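Novice: Mind looking over this structure? Questions follow.
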Amino acid sequence: MAAPLIECRDLTRVYRMGGGEVRALDGVSLTIDEGEYVAIMGASGSGKSTFMNLLGALDRPTSGSLKVAGEAIETMGPDQLAAFRNRTIGFVFQQFNLLARTSAEDNAALPLIYSGLKGAERRERARARLQQVGLGERMDHHPSQLSGGQQQRVAIARALVNNPRILLADEPTGALDSQTTVEVLGIFDRLNAEGITVILVTHEQDVADHARRQIVFRDGRIVEDRR
Amino acid sequence: MNLMSAISVALLALRVNLLRSVLAMLGIIIGVSAVIAMVSVTEGAKRAMEERIASFGANLLVIRPGSSAFGGRRGGAGTATFLTDADVEAIRSEIPGIVAVSGEMSGSQPMVVAGENWTTNVQGVHSDYFEARDWFVESGRAFTPAEVRSGARVIMIGQTVATELFGAAGPLGQTVRVGAVPMEVIGIMAPKGQSSWGSDQDDTVFAPITTARSRLFGYQFGVRDPVFTIYAEVAPGTNVSHAVADIEELLRVRRNIQPGAEDDFSVNNLAEFIRARNETETQLGVLLAAAAVISLLVGGIGIMNIMLVSVTERTREIGLRLAVGARRADVRNQFLIESVVLCVTGGIAGMAIGVAGAYGIGNLGDFPVSIHPAIAGIAIGAAVFVGLFFGFYPAHRASRLDPIEALRFE
């Protein structure tokens, strides 16, 4: 069997706040294989966001080891982490984080600017991904001209544009109504079926039910890991 | 991230907040236009000064008896003895580095030819005069040293005299009555234009000094072969003040001035005098330069302020860019480019206003203005410098943001 896509051992992240220390993540060990569909759950302050930031290479652990796609996150410097995020991780955020007054196409193409691709190829790949999420007709629209569900689909196209191995979604349906939630989750289901590893952070059980594995955090530790 | 896409992102960011961008640019616009107005006006003043010096003859020394052109003089008019042809010859043979030296006598004389008349200043000079003054005949010929020695009745006329007396007809070879003496026109001088005092230098006639002395200014001077003024040209590269000192020493000996007594003659370097006159214009330039530096500084602080606001407003955007793979240098460069684009846009506007302003100042104050093509380079260069210098801190701050906190920023 191939090495797991994500392998963390004794992962700890401590924040210094005022005088004291907060152990946001306290010795987490876990493996996730390529192609899994995982929901990470927990109350706020449970450590799930900290775990998410580490998986996404936005942050480095205080101690312990974290290997993602064969690379040791804890040993990388800021620029190496940036390049790693660019080619390996696709991010989807609760608040979409699209650039205002910028077309859907340019928003979706944003990560490719930092991959050093030429303009024509950036546009071509962004268009292909927008087609894939069903926004082929609205490439020139600005975020203000799109509904919430459509904006989140642009964000998903942006996350996919550089062919990442992992799609990390932080409360991706938190700002959506129930109808569009179903649509967006449908896209995640389909992408996972096509082979991308999808990791959702959510506190809603019916969102988590789309995943085939649910990991529950409490006080910086994993308290439940069911498939 | 390549430069072109960075510039288009920067332009977009500036267009989004158009009014704010224009206000932020105002300082740069004022600064750059002040720089350009300054450079144009001082450059024009410098060029005018050089033209005046050149028109007088570069490195020209003017030697006069009995009075100083600047200081108060003692002894009263007419007590000092005239300089003479012998002084001219002594300067020619004994002072090193003198390339041309000539005496000069002048006076107003009526000129009459075939029903036209014109009264003008007739200057009797040696044949070296024209080299000393850097002023030559345009057509015909100059008189020779032999003609000076023999007192030939020949004249060269200035452009104004040629027009007044002869109109369109050719004056060469014509005979003109100067005072009571018929003289032949052998040359027409090249146009010289206005002197630095505003008089028409072309309204003049040159005759051999011997002819002028014996036939035109036929009164007693108390010395043999007197001259009113001696013009001496120093060779280029010669130390002018050494030449002045040498001539002073020579003339003190020749005029029997006791040690400790004051000179009864003066040796002036007119180029120096003209330079001194122009110093006021140069000082105006220094004032403008100070104003320009201060307004660029204030403009730069405005840019820095607006860039800091922009970085704060776009914290989430920065977080997103970092999350999707921007390196710190990419973020820093993006904001630096925005700052430079802001400044360069202001610089171009400032350049247009500065050029217009320079002409405005030139027209109002009757200053000469010289718009140099390099001014575009100066304006853009100053703008880029201000953009980089004052944009660096905000850009650096943007690049140091933590992606997680930036993404969470409300």
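The values are calculated or read from the model by the stated rules, or taken from the named source; none is laboratory data. Remember, predicted model here, so these are calculated numbers, not experimental data. Ideal geometry is used to build each Cβ from the backbone, glycine not excepted, and the neighbour counts take in all protein chains shown. To get the accessible areas, we keep the full protein, side chains included, count just its heavy atoms, and leave off ligands, DNA and RNA. Shrake-Rupley method; radii C 1.70, N 1.55, O 1.52, S 1.80 Å.
Novice: Out of B:MET4, B:MET25, I need the residue that is at pLDDT 75 or above, more than 14 Å from chain A (Cβ to nearest Cβ) and either part of a helix (DSSP H, G or I) or more than 37 Å from the chain's Cα centre (by Cα) (or both). Which one?
Specialist: B:MET25
Novice: Considering only the range A:48-73, state which residues are of a type outside the set (A, V, I, L, M, F, W, C) and more than 14 Å from chain B (Cβ to nearest Cβ). Break it down stepwise before answering.
Specialist: So the first thing to find is which residues in the range A:48-73 are of a type outside the set (A, V, I, L, M, F, W, C), and the list is A:48-50, A:53, A:56, A:59-65, A:67, A:70-71.
The answer is A:THR62, A:SER63, A:GLY64, A:SER65, A:LYS67, A:GLY70, A:GLU71.
Novice: Evaluate the range B:293-303: report whether one residue or more is assigned to a helix (DSSP H, G or I), within 12 Å of chain A (Cβ to nearest Cβ) and of a type in the set (A, V, I, L, M). Outline the logic, then answer.
Specialist: Filtering the range B:293-303 for residues assigned to a helix (DSSP H, G or I) gives B:293-303.
Checking which are within 12 Å of chain A (Cβ to nearest Cβ) leaves us with none.
No, the range B:293-303 has no match at all.
Novice: Still on this model: In the range B:118-127, which residue that is touching a residue at least 40 places away in the same chain (Cβ under 8 Å) and farther than 12 Å from B:ALA207 by Cα is least open to solvent (accessible area, probe 1.4 Å)?
Specialist: Ranking the candidates gives B:THR120 first.
Novice: Within the range B:88-175, considering only strands (runs of 3 or more DSSP E) that don't extend past its boundaries, which have at least 3 residues that are under 30 Å from B:GLU249 (Cβ atoms), in contact with a Lys or Arg (Cβ under 7 Å, 6 or more places away or on another chain) and not small (Gly, Ala, Ser)? Spell out the reasoning first.
Specialist: Details: elements: B:98-113, B:116-125, B:137-140, B:154-157.
Fully inside the range B:88-175 and qualifying: B:98-113.
Novice: Between B:ALA289, B:ALA326, which is assigned to a helix (DSSP H, G or I) and either at pLDDT below 90 or within 14 Å of another protein chain (Cβ to nearest Cβ) (or both)? Steps first, answer last, please.
Specialist: Values: B:ALA326 fails: assigned to a helix (DSSP H, G or I).
Residue meeting the stated conditions: B:ALA289.
Novice: Does the range A:82-112 hold any residues that are more than 9 Å from chain B (Cβ to nearest Cβ) and touching a strand residue (DSSP E or B) at 6+ places or on another chain (Cβ under 8 Å), and which are they?
Specialist: Residues satisfying the conditions are A:THR88, A:VAL92, A:GLN94.
Novice: Could you list all residues from the range A:36-73 that are among the basic types (Lys, Arg) and within 10 Å of A:PHE217 (Cα to Cα)?
Specialist: If the condition is that a residue be among the basic types (Lys, Arg) and within 10 Å of A:PHE217 (Cα to Cα), then A:LYS48 is the only one that fits.
Novice: If I ask for residues that are open to solvent by 30 Å² or more (accessible area, probe 1.4 Å) and more than 14 Å from every other protein chain (Cβ to nearest Cβ), which ones from the range A:28-47 would you list? Spell out the reasoning first.
Specialist: Our first condition is that a residue be open to solvent by 30 Å² or more (accessible area, probe 1.4 Å); within the range A:28-47, this holds for A:29, A:31, A:33-34, A:43-45.
Hits for the range A:28-47 are A:SER29, A:THR31, A:ASP33, A:GLU34, A:ALA43, A:GLY45.
Novice: Check A:ARG153, A:ARG190 and return the single one that is surrounded by fewer than 16 Cβ atoms within 10 Å (Cβ to Cβ), charged (D, E, K, R) and farther than 21 Å from A:PHE84 by Cβ.
Specialist: A:ARG190
Novice: In addition: Can you tell me which residue within the range A:113-138, out of those that are surrounded by fewer than 17 Cβ atoms within 10 Å (Cβ to Cβ) and either hydrophobic (A, V, I, L, M, F, W, C) or in contact with a His (Cβ under 8 Å, 6 or more places away or on another chain) (or both), is farthest from the other protein chains (Cβ to nearest Cβ)?
Specialist: Taking the range A:113-138 first, the residues surrounded by fewer than 17 Cβ atoms within 10 Å (Cβ to Cβ) are A:116, A:118-121, A:124, A:128, A:131, A:134, A:136-137.
Applying the additional criterion that residues be either hydrophobic (A, V, I, L, M, F, W, C) or in contact with a His (Cβ under 8 Å, 6 or more places away or on another chain) (or both) yields A:120, A:128.
Details: A:ALA120: 12, A:ALA128: 17 Å.
Across the range A:113-138, the extreme among qualifying residues is A:ALA128.
Novice: Something else now. Restricting attention to the range A:9-27, which residues are within 14 Å of chain B (Cβ to nearest Cβ) and aliphatic (A, V, I, L, M)?
Specialist: Listed by number, the residues that qualify are A:MET17, A:ALA24, A:LEU25.
Novice: Also, I was wondering about something else. Quick one: in the range B:364-374, of everything that is among the aliphatic types (A, V, I, L, M) and in a helix (DSSP H, G or I), which residue is most open to solvent (accessible area, probe 1.4 Å)?
Specialist: That would be B:LEU364.
Novice: Would you point out the residue of the range B:381-401, among those that are surrounded by fewer than 18 Cβ atoms within 10 Å (Cβ to Cβ) and in contact (Cβ under 8 Å) with a residue 12 or more places away in the chain, that is nearest to the other protein chains (Cβ to nearest Cβ)?
Specialist: Taking the range B:381-401 first, the residues surrounded by fewer than 18 Cβ atoms within 10 Å (Cβ to Cβ) are B:381, B:384-385, B:388-389, B:392-393, B:396-397, B:400.
So of that shortlist, the ones also in contact (Cβ under 8 Å) with a residue 12 or more places away in the chain come out as B:384, B:388-389, B:392-393, B:396-397, B:400.
Details: B:VAL384: 23, B:LEU388: 22, B:PHE389: 25, B:PHE392: 19, B:TYR393: 19, B:HIS396: 14, B:ARG397: 15, B:ARG400: 10 Å.
My answer is B:ARG400.
Novice: For residues in the range B:55-87 being more than 17 Å from B:PHE265 (Cα to Cα) and assigned to a loop (DSSP other than H, G, I, E, B), which is modelled with the highest pLDDT?
Specialist: Ranking the candidates gives B:ASN59 first.
Novice: Here are B:ILE348, B:ILE361, B:ILE353: which of them is open to solvent by 50 Å² or more (accessible area, probe 1.4 Å), assigned by TED's automatic domain parsing to the domain that holds B:VAL39, closer than 10 Å to B:VAL32 by Cα and in contact (Cβ under 8 Å) with a residue 60 or more places away in the chain?
Specialist: Selected residue: B:ILE353, the only one of B:ILE348, B:ILE361, B:ILE353 that is open to solvent by 50 Å² or more (accessible area, probe 1.4 Å), assigned by TED's automatic domain parsing to the domain that holds B:VAL39, closer than 10 Å to B:VAL32 by Cα and in contact (Cβ under 8 Å) with a residue 60 or more places away in the chain.
Novice: With B:SER150, B:SER108, B:SER139 as the choices, which residue is open to solvent by 10 Å² or more (accessible area, probe 1.4 Å) and without any contact (Cβ under 8 Å) to a residue 24 or more places away in the chain?
Specialist: Going through B:SER150, B:SER108, B:SER139 in turn, the sole match is B:SER108.
Rundown of residues vs (1) closer than 26 Å to B:GLU138 by Cβ; (2) at pLDDT below 85; (3) open to solvent by 30 Å² or more (accessible area, probe 1.4 Å), yes/no style:
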residue	(1), (2), (3)
B:SER196	yes, yes, no
B:THR210	yes, no, yes
B:GLY218	no, yes, yes
B:THR238	no, yes, yes
B:ASP246	no, no, yes
B:ARG252	no, no, yes
B:ASN256	no, yes, yes
B:PRO259	no, yes, yes
B:ALA271	yes, yes, no
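Novice: For A:ASN163, all conditions in the list (1) of a type outside the set (Phe, Trp, Tyr); (2) over 22 Å from B:GLY325 (Cβ atoms); (3) open to solvent by 30 Å² or more (accessible area, probe 1.4 Å) hold save one; what is the number of the exception?
Specialist: Status for A:ASN163: all satisfied but (2).
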